Amino acid sequence: MTFQTKTEPDIDTLIADLSDENGNVRQKACRTLSSLGPDAVPALVAILGDKNGATRTAAMNALLTMRDPVEEAAPGLIEALDHKSRAIRDGANWTLTLIGRKAELALHGALEDPRARVRRGARKTLAAIDERALG
């Protein structure tokens, strides 16, 4: 009798799954990538622009559950503040707010960005971080 062991997919397979046509596959890949640490951050940041809102949310949640590596996601999230989709901009703002103080340095740099939407988003996020700290 042989026993099959369950093996976890490697990071390359999971990143490839982020391009799958099925949103459920992309969302599951996001959840699994969250346990792999900093190497998964660029792929999760890239999927923030997904056409499916549930997939974008899964990517943001994955970044948040990573805790320490989330600070590395701040530049990509700041880029998302300029996205044409308000939902993506709002999600990036929310995620940066939850990252909190670890995102502040990147956000202060974004106050000098040439794009008005990024500057507005950075100001809004910094205000929300301050409000959370006081609340």
Going by the conditions given, is A62 in contact (Cβ under 8 Å) with a residue 24 or more places away in the chain, surrounded by 17 or more Cβ atoms within 10 Å (Cβ to Cβ) and farther than 20 Å from L107 by Cβ? yes
Checking the structure you have, find out if any residue of segment 107-128 is surrounded by fewer than 20 Cβ atoms within 10 Å (Cβ to Cβ), within 11 Å of the chain's Cα centre (by Cα) and outside any helix (DSSP H, G or I). no
Any chance V70 is under 26 Å from H108 (Cβ atoms), at pLDDT 85 or above and of a type in the set (A, V, I, L, M, F, W, C): no
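Each row is one residue, and each column tells you yes or no for (1) within 29 Å of T32 (Cα to Cα); (2) among the acidic types (D, E).
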position: D82; (1), (2): yes, yes
position: I88; (1), (2): yes, no
position: V118; (1), (2): no, no
position: L134; (1), (2): no, no
Taking first residues from segment 93-108 that are more than 11 Å from R132 (Cβ to Cβ) and second residues anywhere that are of a type in the set (D, E), the pairs with Cβ under 7 Å that are 6 or more apart or on different chains are K102/E71; A103/E71
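Conditions (1) more than 23 Å from K124 (Cβ to Cβ); (2) among the small types (G, A, S); (3) at pLDDT 85 or above, marked per residue:
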{"residue": "Q27", "(1), (2), (3)": "yes, no, yes"}
{"residue": "S34", "(1), (2), (3)": "yes, yes, yes"}
{"residue": "P38", "(1), (2), (3)": "yes, no, no"}
{"residue": "G49", "(1), (2), (3)": "no, yes, no"}
{"residue": "L64", "(1), (2), (3)": "no, no, no"}
{"residue": "P75", "(1), (2), (3)": "no, no, yes"}
{"residue": "A110", "(1), (2), (3)": "no, yes, yes"}
Please indicate, with yes or no, whether at least one residue in segment 23-36 is closer than 15 Å to L96 by Cβ, out of contact with any Lys or Arg (no Cβ under 6 Å at 6 or more places or on another chain) and surrounded by 14 or more Cβ atoms within 10 Å (Cβ to Cβ). no
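So that you can scan it fast, the table gives a plain yes or no per residue for (1) in a helix (DSSP H, G or I); (2) among the small types (G, A, S); (3) out of contact with any strand residue (DSSP E or B) (no Cβ under 7 Å at 6 or more places or on another chain); (4) within 23 Å of R89 (Cβ to Cβ):
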position	(1), (2), (3), (4)
E21	no, no, yes, no
Q27	yes, no, yes, yes
L44	yes, no, yes, yes
I47	yes, no, yes, yes
A54	yes, yes, yes, yes
A58	yes, yes, yes, yes
A62	yes, yes, yes, yes
E71	yes, no, yes, yes
When P42 is evaluated against the numbered criteria (1) of a type outside the set (D, E); (2) more than 22 Å from A122 (Cβ to Cβ); (3) loosely packed, with under 15 Cβ neighbours inside 10 Å, which criterion, by number, is the only one it fails? (2)
Return yes when T125 is under 25 Å from S35 (Cα atoms) and at pLDDT 85 or above and no when it is not. no
How many of the residues in segment 82-106 are assigned to a helix (DSSP H, G or I), more than 17 Å from V70 (Cβ to Cβ) and touching a helix residue (DSSP H, G or I) at 6+ places or on another chain (Cβ under 7 Å)? 3
Where N22 falls short, out of the listed (1) more than 14 Å from T65 (Cβ to Cβ); (2) at pLDDT below 95; (3) polar (S, T, N, Q): (2)
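The values are calculated or read from the model by the stated rules, or taken from the named source; none is laboratory data. These numbers come from a predicted model, not from an experiment. Reconstructed Cβ throughout: ideal geometry from the backbone, glycine too, with neighbour counts over all protein chains shown.
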